[in-house]
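These notes are about the structure you will find just below.
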Amino acid sequence: MTTTEQCTKLVKKVYASFDASHDFEHIERVLATARTIAETEPTANLQTIELAVLLHDVSDAKYTTSKETEAAILAQLPLTVAERQRVQQTIAAVSYRGGHELEATTIEMKIVRDADRLDALGAIGIARAFVFGGAHGSLIYDDTEAIHTYESEAAYRKKNGAIVTHFHEKLLKLKELMTTTYGKMLAKQRHQFMVHFLQQLSAEREGKL
């Protein structure tokens, strides 16, 4: 059994308790995309990428009920201290943090970040946004709600606004934040799909379609 396979077995139990926006199927999609991007980046360390993808949501602040942490799972894998550190550093660079993200300084960080953000775009991104919003009692839209730029990650975490507001505060910004050539190409397509969706949603609300 490879290290990636061992990690997969351990994380499946954690993600089974998450809602469908961050379940193991999300991990599988991000993993597939990350592997595809990695094929275009010959210097990338595939094991670091795979482990970072598998673990990147385990300690997510949105799901603090999990007793497992990425560090605890990494400690069970046959890795050197340096390898564990590279995985954890890669994970740390993934989160959007309300626009206060850490700088992605390695190709592994860039690949995992792009792959995760691509899963927040397009048809699957729309589906995930509504699953997450529904699970947390969010409105579909709220015309009285302002679009915010957050002064800190903490302020961003406290917000539980309408789902359409989240599109404008985060999801529609992701296209411009992609770092790999392949990521930028896919993001452009998926971003446009989301724009069309919001236009359709608006027209239906107004009784025009």
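What follows draws every value from the coordinates through simple rules; no lab data is involved. Since the structure is predicted, the reported quantities are computational estimates derived from the model, not experimental observations. Here the Cβ is made from the backbone with ideal geometry for all residues, glycine too, and neighbour counts use every protein chain on show.
Values for this structure:
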| item | result |
| --- | --- |
| Helix axis angle, 46-55 relative to the chain longest principal axis, alpha carbon, degrees | 60 degrees |
| log10 of Debye I(q)/I(0), alpha-carbon scatterers only, for the chain at 0.09, 0.13 Å⁻¹ | -0.36, -0.74 |
| Per-peptide average of other Cβ atoms within 10 Å, ordering 137-148, 176-187 highest first | 176-187, 137-148 |
| Mean residue ellipticity (222 nm) of the chain, computed from DSSP H runs ≥ 4 via -39,500 (n - 2.57), nearest 500 | -17500 deg cm²/dmol |
| Relative contact order computed over region 3-205 (Cα-Cα under 8 Å; 6+ residues apart), in percent | 22 percent |
| Cβ crowding within 10 Å averaged over residues, with 72-81, 190-199 ranked highest first | 190-199, 72-81 |
| Extension gain from Gln6 to Val195, taking 0.36 nm per residue of separation minus the Cα-Cα distance | 64.1 nm |
| Linear extension gain, Leu139 paired with Ala123, 0.36 nm per residue minus alpha-carbon span | 3.8 nm |
| Projected area, mean over directions - region 116-207, Cα convex hull, nm² | 6.4 nm² |
| Distant-in-sequence amide H partners of Thr106 (H built 1.01 Å from N, under 5 Å) | none |
| Of Lys13/Lys110; Lys173/Lys208; Lys159/Lys188; Lys110/Lys159; Lys9/Lys184; Lys9/Lys170, those spanning more than 29 Å from alpha-carbon to alpha-carbon | Lys9/Lys184; Lys9/Lys170 |
| Folded to 0 to 90 degrees: helix 107-118 orientation relative to the chain principal axis, Cα | 30 degrees |
